[in-house]
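Asker: Pasting a structure below so you can have a look.
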Amino acid sequence: MSPVFPMLTVLSMFYYMCLRRRARTATRGEMNSRRAIESNTRALPINVEIVQYAKEVLDFSSHYGSENSMSYTMWNLAGIPNVYPSSGDFTQTAVFRTYGTWWDHCPSSRLPFKRTPPTFCSQDYVELAFEEPVYPTAVHILETYHPGAVVRILACSANPYSQNPPAEVRWEILWSEAPTKVNGPQARQFTPCIKQINFPTNLIRLEVNSSLLDYYTELDAVVLHGVKERPVLSLKTSMIDMNDIDEDEDEEKYGCGMDTLNKEFSIVTLREWPTNGYFDKLPYELIQLILSHLTVPDLCRLAQTCKLLYQHCCDPLQYIHLSLQPYWARINDTSLEYLQSRCTLIQWLNLSWTGNRGAISVSGFSRFLKVCGSELVRLELSCGHFLNETCLEVITEMCPNLQELNLSSCDKIPPQAFNHIAKVGSLKRLILYRTKVEQTALLSILNFCSELQHLSLGSCVMIEDYDLIASMMGAKCKKLRSLDLWRCKNITESGIAELASGCQLLEELDLGWCPTLQSSTGCFTNLARKLPNLQKLFLTANRSVCDTDIEELAANCTHLRQLDILGTRMVSPASLRKLLESCKDLSLLDVSFCSQIDNRVVLELNANFPNVFIKKSFTQ
């Protein structure tokens with residue numbers, strides 16, 4: 001063969017790769033302008049672009065608001081904008097529960113899982129349904145306060161309004177990027193350059209990371225642009241649809257490429273090599289240490305190279321701590337089945353966000369825990385909507401050594417199922433944020449789980465008498481170090497008194513948006529005197545907090561690091577100066593909407609106490 005032909009082949013391949021990259025990395029201006037798209041890469045056939053706002057909020061991991069209100073809740077993302085283009089703190093927007101790194105520096109913070117892919121940085125999510133399935137051409141996100149939290153946008157093949165559930169649910173990443181710091185809190189329309197996909201969608205998921213933000217991000221609406229017919233790019237030199245080829249490249253890049261992982265789990269045919277190279281000369285423990293830095297997909301790929309590395313990659317010691325949350329879109333019963341033999345010694349397991357829309361069945365989850373649950377110490381199941389009473393029963397039976405259980409936002413678990421948790425007497429951490437736990441079940445848990453050190457009951461709306469719950473905590477949970485009572489509606493000074501008397505090791509207490517607590521009863525003064533170890537205290541939106549309370553904190557809680565008194569009208573600059581002078585470790589002070597603390601006072605305090613982040617929010 002003439003040498004000309006191989007050269008032509010190489011040039012053709014290079015030209016094709018350039019076209020493909022150009023198609024995938026169009027400039028933001030091209031993606032934002034439909035006119036530019038039509039003129040530069042005219043679609044065949046020409047479709048009328050459909051523009052639609054979200055019809056419904058289907059699921060989310062957290063929100064700042066109440067379960068019985070619309071203020072600051074994810075439900076505000078449905079429909080047309082309420083606030084945009086205005087900037088500021090507005091109750092009509094969608095707000096997640098946390099921001100910044102403050103939650104990572106308090107007594108209730110948890111150790112991170114190792115082996116998390118560096119490309120996975122999502123902390124929260126929200127899923128939105130739209131009326132018409134379309135092939136997306138653009139996604140506009142209207143951010144009205146402290147923008148920059150969105151790090152990933154995904155599209156789902158499942159139609160939430162279809163009567164027939166699909167045989168397979170696919171998620172495709174439309175756009176992904178590391179968290180970025182945006183200068184200024186002003187409103188903006190965020191329109192990233194999205195990837196084309198080969199299926200129509202009316203289900204969009206936003207994932208956020210608020211760690212770089214100075215305050216809560218606020219989202220007003222999401223606009224989906226798309227066409228009904230699949231756009232095939234018309235290029236004079238090529239009729240290839242660039243999105244049909246090598247789709248796995250982007251999936252692997254962003255840590256979601258788990259389609260092939262199930263196959264890799266099960267591969268047993270290995271290449272035959274006469275030797276294993278220099279690996280034969282290394283100690284077993286050293287190879288194990290090297291491999292401990294690989295992600296789960298990388299371990300599965302490496303296991304296919306030779307028998308020696310297959311043995312190392314399948315060693316249960318490599319799976320002592322395992323987080324499958326980064327791969328939530330691809331984890332299913334088959335994945336758990338293949339992992340069973342490798343996870344017999346597992347101690348930490350993170351299945352948060354996994355298994356929804358039928359991906360993990362009750363039987364599949366139960367089979368896995370029956371094989372792998374005996375050594376489990378920590379189990380993360382946040383937003384696991386496949387969980388039911390049978391699952392909780394299996395957890396309590398198969399995990400006798402369990403110390404930490406996270407059921408945050410598992411709002412599909414029936415109330416009676418939580419009674420089973422009382423059987424796990426070794427529990428030290430229990431997160432029930434946004435669950436349907438009832439009072440009877442919770443009293444039983446507190447009675448039998450006396451080792452509890454960290455308890456989250458934020459937004460648990462089905463508890464009728466928080467004073468009774470607080471009394472039980474004071475009597476039974478003497479080791480409690482952190483307690484989240486965010487938005488509990490009926491705790492009074494009586495419950496606070498019982499709690500402060502019995503749980504004197506408390507270092508963190510969240511009483512944000514608890515309207516029945518009044519400073520005039522002395523409840524906050526009592527807290528300050530009885531709980532000298534407090535490092536974090538949130539009294540968010542309690543209008544009655546006054547100078548006396550602040551001065552008691554300054555006198556008794558000198559280890560205080562974080563204080564939120566948003567919304568009080570009774571605190572003066574003088575008492576805040578006393579607090580800042582006394583609490584040398586204070587790093588966060590939220591005085592947003594405190595009527596006596598204006599911007600001039602905040603500037604003065606910032607100048608005199610530069611190590612403290614003093615937050616003053618506003619509304620325009």
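The values are calculated or read from the model by the stated rules, or taken from the named source; none is laboratory data. All values reported here derive from a predicted model rather than from experimental measurement. No Cβ is skipped: glycine too gets one built from the backbone with ideal geometry, and neighbour counts run over all protein chains shown. Only protein heavy atoms, including side chains, enter the accessible area calculation; ligands, DNA and RNA are left aside. Shrake-Rupley method; radii C 1.70, N 1.55, O 1.52, S 1.80 Å.
Asker: Which of the residues belonging to region 316-355 are basic (Lys, Arg) and more than 28 Å from Glu127 (Cα to Cα)? Give the steps one after another, and end with the answer.
Answerer: As a first pass, look at region 316-355 and keep what is basic (Lys, Arg): 330, 342.
Matches in region 316-355: Arg342 only.
Asker: Going by the structure shown, is Ile360 within 24 Å of Pro112 (Cβ to Cβ) and at pLDDT 95 or above?
Answerer: Judged against the criteria, Ile360 is a match.
Asker: Then there's this: Counting only residues that are of a type in the set (Gly, Ala, Ser) and within 31 Å of the chain's Cα centre (by Cα), which one in region 495-549 is farthest from Ile463 (Cα to Cα)?
Answerer: For region 495-549, the residue satisfying everything is Ala541.
Asker: Same structure, new question: Can you spot a residue in region 152-165 that is at pLDDT below 95, under 20 Å from Ala78 (Cα atoms) and open to solvent by 10 Å² or more (accessible area, probe 1.4 Å)?
Answerer: Yes.
Asker: Just to be sure, is Ser61 under 23 Å from Trp486 (Cα atoms) and buried (at least 19 other Cβ atoms within 10 Å of the Cβ)?
Answerer: So Ser61 fits the description; yes.
Asker: What pairs come out if I take residues in region 556-577 that are without any contact (Cβ under 8 Å) to a residue 12 or more places away in the chain and pair them with residues that are in a helix (DSSP H, G or I) and buried (at least 18 other Cβ atoms within 10 Å of the Cβ) whose C-beta lies under 7 Å away, six or more apart or interchain?
Answerer: none
Asker: Also, quick follow-up: Among the candidates Arg152, Arg115, Arg170, single out the residue that is of a type outside the set (Val, Ile, Thr), outside the structural domain of Gly358 (by the TED database) and under 26 Å from Glu404 (Cβ atoms). Can you show your working first?
Answerer: Working: Arg152 fails: under 26 Å from Glu404 (Cβ atoms); Arg170 fails: under 26 Å from Glu404 (Cβ atoms).
Going through Arg152, Arg115, Arg170 in turn, just one is of a type outside the set (Val, Ile, Thr), outside the structural domain of Gly358 (by the TED database) and under 26 Å from Glu404 (Cβ atoms): Arg115.
Asker: For Ile80, work out the one condition from (1) open to solvent by 50 Å² or more (accessible area, probe 1.4 Å); (2) under 21 Å from Pro179 (Cα atoms); (3) in a loop (DSSP other than H, G, I, E, B) it doesn't fulfil.
Answerer: Against the list (1) open to solvent by 50 Å² or more (accessible area, probe 1.4 Å); (2) under 21 Å from Pro179 (Cα atoms); (3) in a loop (DSSP other than H, G, I, E, B), Ile80 comes up short only on (2).
Asker: Also, I was wondering about something else. Could you say which residue among Ala36, Ala26 is at pLDDT below 95, over 20 Å from Ser617 (Cβ atoms) and part of a loop (DSSP other than H, G, I, E, B)? Explain how you work it out, then say what you get.
Answerer: On the way: Ala36 fails: part of a loop (DSSP other than H, G, I, E, B).
Only one candidate qualifies: Ala26.
Asker: Scan region 393-434 residue by residue and report those that are among the aliphatic types (A, V, I, L, M) and under 24 Å from Leu58 (Cα atoms).
Answerer: Here is the first cut: in region 393-434, the ones among the aliphatic types (A, V, I, L, M) are 394-395, 398, 402, 405, 407, 413, 417, 421-422, 424, 427, 430-432.
Scanning region 393-434 gives Leu407, Ile413, Ala417, Ile431, Leu432.
Asker: Something else now. If you go through region 263-299 one residue at a time, how many are surrounded by 11 or more Cβ atoms within 10 Å (Cβ to Cβ), hydrophobic (A, V, I, L, M, F, W, C) and modelled with pLDDT under 90?
Answerer: 5
Asker: Please specify each residue of region 332-358 satisfying the condition of being of a type outside the set (S, T, N, Q) and either closer than 21 Å to Ser292 by Cα or in the same structural domain as Pro118 (by the TED database) (or both).
Answerer: The first filter runs over region 332-358 and keeps only residues of a type outside the set (S, T, N, Q), leaving 333, 336-339, 342-343, 345-346, 348-349, 351, 353, 355, 357-358.
Answer for region 332-358, where residues must be of a type outside the set (S, T, N, Q) and either closer than 21 Å to Ser292 by Cα or in the same structural domain as Pro118 (by the TED database) (or both): Leu336, Tyr338, Leu339, Arg342, Cys343, Leu345, Ile346, Trp348, Leu349, Leu351.
Asker: Further, regarding this structure: Tally time: how many residues in region 395-416 are part of a helix (DSSP H, G or I) and surrounded by fewer than 21 Cβ atoms within 10 Å (Cβ to Cβ)?
Answerer: Number of matching residues: 5.
Asker: Can you tell me how many residues in region 557-601 are part of a strand (DSSP E or B) and either touching a His at 6+ places or on another chain (Cβ under 6 Å) or open to solvent by less than 40 Å² (accessible area, probe 1.4 Å) (or both)? Spell out how you get there, then give the answer.
Answerer: Kept after step one, since they are part of a strand (DSSP E or B), are these residues of region 557-601: 562-564, 570, 588-590.
Going one step further and asking which of them are either touching a His at 6+ places or on another chain (Cβ under 6 Å) or open to solvent by less than 40 Å² (accessible area, probe 1.4 Å) (or both), we end up with 562-564, 588-590.
Number of matching residues: 6.
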